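Below you'll find the structure, written out as structure tokens, and then a few comments.
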């Protein structure tokens with residue numbers, strides 16, 4: 001199964017919300033291993049996820065202010 005960059009980014013996003021199936025994880029790992037653009041996207045998602053996890057509980061949402 002060969003993924004396009006669009007499919008890979010969709011799976012990266014979905015992986016934040018659910019456990020990917022084995023074939024999805026394998027296809028994504030293979031794609032990221034050969035695609036530098038998707039490697040950067042994956043790193044950016046990990047940085048964002050880590051940053052959000054570090055926010056203190058109860059941090060106000062600026063959209064509601």
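The values are calculated or read from the model by the stated rules, or taken from the named source; none is laboratory data. The structure displayed is predicted, hence computed values, not measured ones. Reconstructed Cβ throughout: ideal geometry from the backbone, glycine too, with neighbour counts over all protein chains shown.
Taken as a whole, the structure leaves residue 57 outside the set of residues that are surrounded by fewer than 10 Cβ atoms within 10 Å (Cβ to Cβ), at negative phi, in a helix (DSSP H, G or I) and modelled with pLDDT under 95. When the stretch 23-42 is filtered for residues that are in a helix (DSSP H, G or I) and in contact with a helix residue (DSSP H, G or I) (Cβ under 9 Å, 6 or more places away or on another chain), the ones remaining, listed by number, are 24, 25, 27, 28, 31, 32, 33, 37, 38, 39, 41, 42. Among the residues making up the stretch 1-17, those that are touching a residue at least 24 places away in the same chain (Cβ under 8 Å) and not in a helix (DSSP H, G or I) are 1, 2, 3, 16. Considering 20, 45, the condition of being surrounded by 10 or more Cβ atoms within 10 Å (Cβ to Cβ), in contact with a helix residue (DSSP H, G or I) (Cβ under 8 Å, 6 or more places away or on another chain) and not in a helix (DSSP H, G or I) is satisfied by 20 alone.
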